[in-house]
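To keep things clear, I will list the structure first and then write my remarks on it.
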Amino acid sequence: MKLSLALHRPALAYSMTTLGAGMMNSIFNFYYVKLFLNRYKISEGAFHQAQVVFMIWNAINDPLFGYIQDNSKTGFCSIRRHSILYGAPFYALAFLLPWFPWKDYTEGEWLSGVHLLIALCVFDGLLTFVLLAQCALFAEISTRHESRLQLIKYNQIASLLGSSSILFCGLVSDNMENFPSFQTFTVFVAVLSTACMCYTGVFGISQYEQQEKLVESSGKSETSLSWAAVLSLTKQILTQKNFLLFVSMNFFQVFHSTFCSNFMIIFADNLIPKDALPSFVRSIMYGAGFMFPQLLVLSSHSLLSSIGYYKVILYAFYVEAISAVLMLLTGPQHFYILAAFLITNMVLVHATFSVFNLPLADIVDADFANYKRKSPLSSMVFGTNALFTKPAQSLAPMFVVTILNQYGYEQLTNKVDQPDPNLFVGLHDAMFYLTCIVPLCITIVQIIIWTPYSIRNSHVANAH
């Protein structure tokens, strides 16, 4: 493979949305649970209610937007880059919703629950509209495996830069302790992210866009699909064995990824003493958890080319399972080993998730070939995948918060009443076992599901 200094312009345009979205999504996922639990003092009931509504909306909006983007004749919906261009400013505004309280919340106040519900649903709705169009671009910019690896490469560089927002946010705001500085930084991130995504909106041209223009100019545009046709297409997608295997495995990956993003800071703050890891070191640690996955994927580029994503994903599951067993045997008293495990586990989970567009794109290609479609159902495939995997984003925090509160986490975050410190011995044990056992159980299930997946040689078939 020749090394070229020339920019791959389609990949650059595609990756700019990853840069903008990565800056916002990293901060949102990392801080929102701690913000509402520790600062806004949301009650457990309100937290769960917001997550249940969010889980339903989170699952519905992906196939809904997938249908709209694949079948609408309106330019800002049907043209992938226009969806990104017009959706980006609203996406950035939605990102700012949680960081500015509507009043000074008292403990357990109902309004904080409404705030969480609206923040989650609006943010995810705009995220879905923009990123679903970007996912479709991944499958439609090129069908060649090598070209898609180039997209992955640029995408990981952009994701690396975007995830550094966690590091800088932690340093600027002392890991959200300086809340006004935190708010100022989020506004800066929102503006910068909008500019990045608008670059994709201008220059991210799909190979099918010109074909669509030719069809429109010749007056042969197709009529929009009926809901019956949509259901029929969805059924065709769902009857593909490889799609079902991927979706089942991906559900647990989303659960695991959300578990790491939402609770790494909470587990580290409680299991690792302040004198063992000062705030500055913790900021670097949290930043590493979001930045190192991209470095790992970039360094694995040759592996993805030679052995393919199937084996890379499978081997990653084995490493995650083995490291969880070793940490469980080591115990929570070795703070530096525990810190290394938290980072390593998060890095592996996010790095593995970063290559999931490759199997999904292959599934789009297989569906396109099997049913001899005039154009690929990229958004519908990605949206249907999200229909079944996005609920894990709500189930993970609900599951963990329920367990933590059974061991007194609500009292731990209460600054007024100082309960008996012995009460929290069980809480810390619960946190440690969650840290080890959840990854172990998830990866065992994923290995079982992923093993029968049969699209394994696309890296060879498209290498020429």
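Quick note: the coordinates plus some simple rules give every number you see, no bench work behind them. This is a predicted model, so every value here is computed, not measured. All Cβ positions, even for glycine, are placed from backbone atoms using ideal geometry, and neighbour counts span all protein chains on display.
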- In the calculated pair distance distribution of the range 78-155, what percentage of Cα-Cα distances lie above 18 Å? 56
- What Rg and what Dmax come out for the range 304-420 when only alpha-carbon atoms are used, in angstroms? 20.6, 67
- Item | FRET efficiency, 1/(1 + (r/R0)^6) with R0 35 Å, evaluated for Ser147 and Gln333 via beta carbons | 0.10
- Query: Using the Cα atoms as the points, what is the convex hull volume per residue of the chain in Å³?
  - Reply: 145
- Item | FRET efficiency, Leu295 to Ile322 (Cβ-Cβ, R0 25 Å, nearest 0.05) | 0.75
- Which of Lys235/Lys372; Lys241/Lys311; Lys235/Lys390; Lys153/Lys372; Lys34/Lys274 have a Cα-Cα distance over 22 Å? Lys153/Lys372
- Query: Which FRET efficiency, nearest 0.05, do Val114 and Phe168 yield, Cβ-Cβ r, R0 22 Å?
  - Reply: 0.10
- Per-residue HN-Hα couplings for the range 315-326 [Karplus 6.51, -1.76, 1.60; θ = phi - 60°; Hz; x = Gly/Pro]: 5, 4, 4, 4, 5, 4, 5, 5, 5, 5, 5, 4
- Note on the structure: Extension length gain for Ile403 and Leu238 (0.36 nm per residue less Cα distance), in nm, is 56.0 nm
- Please give the peptides 276-286, 20-30 ranked by average Cβ packing (other Cβ atoms within 10 Å per residue), highest first, as a rough proxy for protection. 20-30, 276-286
- Task: Take the Cα coordinates of the range 317-377, assign each an equal point scatterer, and use the Debye formula without solvent to give log10 I(q)/I(0) at q = 0.14, 0.20, 0.23 Å⁻¹.
- Result: -0.56, -0.77, -0.89
- Note on the structure: Output ordering of 257-268, 391-402 (per-residue mean of other Cβ within 10 Å, highest first) is 257-268, 391-402
- Under a point spin-label approximation (7 Å from Cα along Cα-to-Cβ), what is the Tyr433-Ser305 distance to one decimal in nm? 4.8
- Task: Work from the charge dipole of the range 80-191 (Cβ charges, +1 for Lys and Arg, -1 for Asp and Glu, about the Cα centre) and give the residue of Phe179, Cys121, Gly87 farthest towards its positive end.
- Result: Gly87
- Query: Relative to the present Cα-Cα distance, how much length would full extension add between Ile60 and Asn370 at 0.36 nm per residue of separation?
  - Reply: 109.0 nm
- Normalising by the residue count of the chain, find the relative contact order in percent from Cα pairs under 8 Å and 6+ residues apart. 28
- Query: What range in the chain is the longest one free of GluC sites (Glu not before Pro) that are in a loop by DSSP and have at most 16 other Cβ atoms within 10 angstrom?
  - Reply: 223-464
- Message: Give me the extension gain from Ala228 to Val53: residue separation times 0.36 nm, minus the current Cα-Cα distance, reported in nm with one decimal.
- Response: 60.3 nm
